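Each remark here refers to the structure printed beneath this line.
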Amino acid sequence: MATVDSANKTKTADEACLAFKLLLEAFPSDQTFLHEVALQTKKASTETQIAFTKAVVEAYRSGAHPELAANIEALETEGTMRGILIYHFSEALVAQPDLVLEAYKTLLAAPAKNVSPYYYEDIASAAAQQIGFREGLALIPNIEDKSFGTAAARDIISSWIYNDPVDASDYLRELPDSEFRNNLVLHLVEKVAESQDFENAQAWANHLDGVWKEKALNLVKQQEDISRQREVQRSEREAQDARK
C-alpha cells in the first residue's frame, strides 16, 4: 500500500503519524479500510506500526473512528503476533490520560469481540490509577465474563499489588467472603504465579477455602510445571552448545 510505504519513508515518527491520521480521516468509520491498512502496517517497521496506532488513537479522539471496540477488532491481524498492533494502540491510548478513563468504561460496556483482552488490558490499570484501584474494580460489572471484565480485574489487582502491596492486601483481606473476593484472589494468584513468585502465590492461595483453594493451588502447580519444563529445556540447550 502506497501510504504505508510513504509513512515508512518519512523523516520523523511525527510525520508518519500525521500521514496516517490524514488517511484515516479521509475514510471515517471505515473499519474494512482500517483493517487493510493494519495488514500492511504489520509488515512495516516497529516505528511505523507505532506511528500508525498513534494515528488510530488520534482518529478515535477526533471522532473520525469513534467505535473503540471496532477499532481494536480491525487492528487484529492473522498469523504470529496477531495482536501486536492492538498492543501498540493500547500503549498509545494509555499515554493519553484524558482518554483512558472513558475508554475503560466504554470497553467494560462493549469489549472487542473475538479479540484477546490480553492485548489491551493495561487500559484498565491505567484508568484505575487515575480514579483509585478500589474504584476501578468497582466499575467492573462481571469479573468472570472471560472477556475484558476478567482481564481488567486481573490487571488492576496485579498493578495494585505492585504499586501498593500493603493497601491491596488489606483490601483483599477486608473483603467479606464472596464470589467477588474469591475471584479477585484467584486472579491475583494466577498473576503472581506467572511472575514465578511461587511462594507468594501459594500463600495467597491459602487465603481461599474449598474449591477456590483447590483451583488456586492448581494454578500455582501449573506455572511451577511450566517453569521446570523451561529450565530443563534451557539446560538441554546449554549442554548441546557446550558439546559444539
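The values are calculated or read from the model by the stated rules, or taken from the named source; none is laboratory data. Note that this is a predicted model, so its numbers are computed, not measured. We place every Cβ from the backbone using ideal geometry, glycine too, and count neighbours over all the protein chains shown. Please note that ligands, DNA and RNA were not included when accessible areas were found on the heavy atoms of the full protein model with its side chains. Shrake-Rupley method; radii C 1.70, N 1.55, O 1.52, S 1.80 Å.
For I143, the conditions (1) surrounded by 20 or more Cβ atoms within 10 Å (Cβ to Cβ); (2) among the hydrophobic types (A, V, I, L, M, F, W, C); (3) more than 16 Å from the chain's Cα centre (by Cα) all hold with the exception of (3).
Is it fair to say Y60 is of a type in the set (F, W, Y), modelled with pLDDT of 95 or more and surrounded by fewer than 21 Cβ atoms within 10 Å (Cβ to Cβ)? When the stated conditions are applied, Y60 does not pass them. The sole residue among A55, A124 that is open to solvent by less than 40 Å² (accessible area, probe 1.4 Å), in contact with a Cys (Cβ under 8 Å, 6 or more places away or on another chain) and free of Cβ contacts under 8 Å to residues at least 40 places away in the same chain is A55.
Applying the set (1) over 20 Å from the mean Cα position of the chain (by Cα); (2) buried (at least 16 other Cβ atoms within 10 Å of the Cβ); (3) not in a loop (DSSP other than H, G, I, E, B) to D14 leaves exactly one unmet item: (2). Restricting attention to segment 184-222, the residues that are outside any helix (DSSP H, G or I) and open to solvent by 50 Å² or more (accessible area, probe 1.4 Å) add up to 6. On the given criteria, is E73 within 15 Å of the chain's Cα centre (by Cα) and either open to solvent by 30 Å² or more (accessible area, probe 1.4 Å) or of a type in the set (S, T, Y) (or both)? So E73 fits the description; yes.
Can you name every residue in segment 78-92 that is at pLDDT below 95 and either of a type in the set (D, E) or over 16 Å from the mean Cα position of the chain (by Cα) (or both)? Selection gives E78, G79, T80. Residues of segment 152-172 that are of a type in the set (V, I, T) and either within 12 Å of the chain's Cα centre (by Cα) or open to solvent by less than 50 Å² (accessible area, probe 1.4 Å) (or both): I156, I157, I161. Just so you know, in segment 88-118 the residues that are of a type outside the set (S, T, N, Q), out of contact with any Leu (no Cβ under 9 Å at 6 or more places or on another chain) and under 13 Å from A151 (Cβ atoms) include one that is surrounded by the most Cβ atoms within 10 Å (Cβ to Cβ), and it is P111.
Counting residues in segment 153-160 that are closer than 13 Å to S125 by Cβ, at pLDDT 85 or above and of a type in the set (S, T, Y) gives one or more. Exactly one condition in (1) under 19 Å from I156 (Cβ atoms); (2) open to solvent by 20 Å² or more (accessible area, probe 1.4 Å); (3) in a loop (DSSP other than H, G, I, E, B) is not met by G79; state its number. Failed condition: (1). Scanning segment 223-239 for any residue that is out of contact with any strand residue (DSSP E or B) (no Cβ under 8 Å at 6 or more places or on another chain), surrounded by 11 or more Cβ atoms within 10 Å (Cβ to Cβ) and not in a helix (DSSP H, G or I) turns up nothing.
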